[in-house]
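Peer 1: Supplied in C-alpha cells, the structure appears directly below.
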C-alpha cells in the first residue's frame, strides 16, 4: 500500500467517543498536500491512528447539511 500524508488543518468537532477512547470527528484535512477537505472518521488519541471515513468537499458538506435539516428527527 502506498504511503500517504495528511495534515489536520482545523479540528471542527467531536461527534462521539467510544469506550476505547477513539473519537468520531469532523476535521478539515489536507491529504497528500492537496486542498483541504472536510473529513468524518474515527481517530485514536493524539490522531496517531485512524479508521475508515468519508471525505467531503465544501459543496458536499453544504448539501449534507441541507439534507439533515430536512429530516424529521
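Here, each number is a calculation from the coordinates, and none is a lab measurement. Predicted model only: the values in this text are computed from it and were never measured. Backbone-built Cβ (ideal geometry, glycine too); neighbour counts: all protein chains shown.
Peer 1: Of everything in segment 12-35, what is farther than 14 Å from residue 53 by Cβ and in contact with a strand residue (DSSP E or B) (Cβ under 6 Å, 6 or more places away or on another chain)? Give them in sequence order.
Peer 2: Result: 13, 17, 30.
Peer 1: Output yes when any residue across segment 33-42 is closer than 15 Å to residue 5 by Cα, surrounded by fewer than 13 Cβ atoms within 10 Å (Cβ to Cβ) and in contact (Cβ under 8 Å) with a residue 12 or more places away in the chain, and no when none is.
Peer 2: yes
Peer 1: Just to be sure I understand the filter: pairs with C-beta atoms under 7 Å, separated by 6 or more residues or on different chains, first member in segment 55-73 and more than 19 Å from residue 10 (Cα to Cα), second member outside any helix (DSSP H, G or I). Which pairs pass?
Peer 2: 64/56
Peer 1: Can I ask one more? How many of the residues making up segment 50-64 are surrounded by 10 or more Cβ atoms within 10 Å (Cβ to Cβ) and assigned to a helix (DSSP H, G or I)?
Peer 2: Going through segment 50-64 one residue at a time, the tally reaches 6.
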